[in-house]
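Structure record follows, encoded as structure tokens.
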Amino acid sequence: MSMLDIKLMVLDVDGVLTNGELIIGNNGVEYKKFNVKDGMGISIGKYAGMKFAIITGRKSESVKIRAEELKIDYVFQGIQDKKKILRELISELNLDSKNICYIGDDINDLPIMNMVGFSCAPRDAVHLVKKVASYTAQAKGGDGVVREVIEYILEKNINYNNLIEEYINMKANMYQ
């Protein structure tokens, strides 16, 4: 079993944490739909020691709210140069790029995907992104792709079933 020593998982939002559709109401408010399976995956990943970052080109209050709910470590919105932000994170966290996973779905993700050790794409990502990705998920964007990638990484590194048992026990003990 090969090792994927991922310390930081970096996520795009539209097309990864969501299905990429934008719903904008008459009031100008943007709505996004997130998948709870991704949220649980992030919680499990954090329990296993991973840090998480969101780097997205759009700005959205719903992303801010969801990131706070999930206790995402770093959130960058309205970013045009994702590589610059990633370089700053690498420096701040003293990481090697080989220990970073990025999940992206469109051509604006290609530069950052080429910087990391493990790049991933949802099943419905554009062709060029899937061509560059180290791993293409079975799940589509917004349909549990983040959870799938986290499980894939953890299963390569540890006894995932033991981790889940520990996680469940830890959660159960929190409420006793």
> Roughly how many percent of the accessible protein surface of the chain is carbon and sulfur, given a 1.4 Å probe and a whole-percent answer?
Replying inline: 49 percent
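If you place +1 on the Cβ of every Lys and Arg and -1 on the Cβ of every Asp and Glu, how big does the dipole about the Cα centre of the chain come out, in debye to the nearest 20?
Dipole about the Cα centre, nearest 20: 160 debye.
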>> Would segment 29-133 count as rounded, prolate or oblate if I go by the C-alpha gyration tensor, calling it rounded below 1.5 in a/c and otherwise prolate when a/b exceeds b/c, oblate otherwise?
In response: rounded
>> Apply the Karplus curve 6.51 cos²θ - 1.76 cosθ + 1.60, θ = phi - 60°, to the phi angles in segment 28-34 and return the couplings in whole Hz, x for Gly and Pro.
In response: x, 7, 8, 10, 10, 10, 10
> When you count, for each residue, the other Cβ atoms within 10 Å and take the mean per peptide, how do 41-49, 163-171, 68-76 rank with the highest first?
Replying inline: 41-49, 68-76, 163-171
> Quick one: what does P(r) look like for the chain with 5 Å bins over all Cα pairs, in whole %?
Replying inline: 2, 8, 18, 21, 22, 15, 8, 4, 2, 0, 0
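Charges at C-beta only: +1 for Lys and Arg, -1 for Asp and Glu. How large is the resulting dipole of segment 1-97 about its Cα centre, in Debye rounded to 20?
The calculated dipole for segment 1-97 is roughly 20 debye.
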>> Could you sort the peptides 97-103, 82-88 by per-residue average Cβ neighbour count (10 Å cutoff), highest mean leading?
In response: 97-103, 82-88
> So what's the gap between the Cα centers of segment 19-43 and segment 109-174, to the nearest angstrom?
Replying inline: 19 Å
> For LEU17, which sequence-distant residues (separation of 5 or more, or a different chain) have an amide H within less than 5 Å of its own amide H, given hydrogens modelled in the peptide plane?
Replying inline: GLY142
> Across 5 Å bins from the origin, how do the percents of Cα pairs in segment 88-156 run, short distances first?
Replying inline: 4, 19, 28, 23, 17, 8, 2
> Given only helices, namely DSSP H runs of n ≥ 4 each adding -39500 (n - 2.57), what is the per-residue ellipticity at 222 nm of the chain, to the nearest 500 deg cm²/dmol?
Replying inline: -12000 deg cm²/dmol
>> Can you give the FRET efficiency to the nearest 0.05 for ASN27 and LYS71, using r as the Cβ-Cβ distance and R₀ = 30 Å?
In response: 0.55
>> For PHE52, what residues show an amide H to amide H distance below 5 Å, using hydrogens built from the backbone and excluding near sequence neighbours?
In response: MET9, ASP73, TYR74
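The values are calculated or read from the model by the stated rules, or taken from the named source; none is laboratory data. The model shown is predicted, which means the values in this text are computed figures rather than measured ones. As a convention, Cβ positions derive from the backbone with ideal geometry for all residues, glycine included, and neighbour counts pool all protein chains shown. Accessible surface areas use protein heavy atoms only, side chains included; no ligands, DNA or RNA. Shrake-Rupley method; radii C 1.70, N 1.55, O 1.52, S 1.80 Å.
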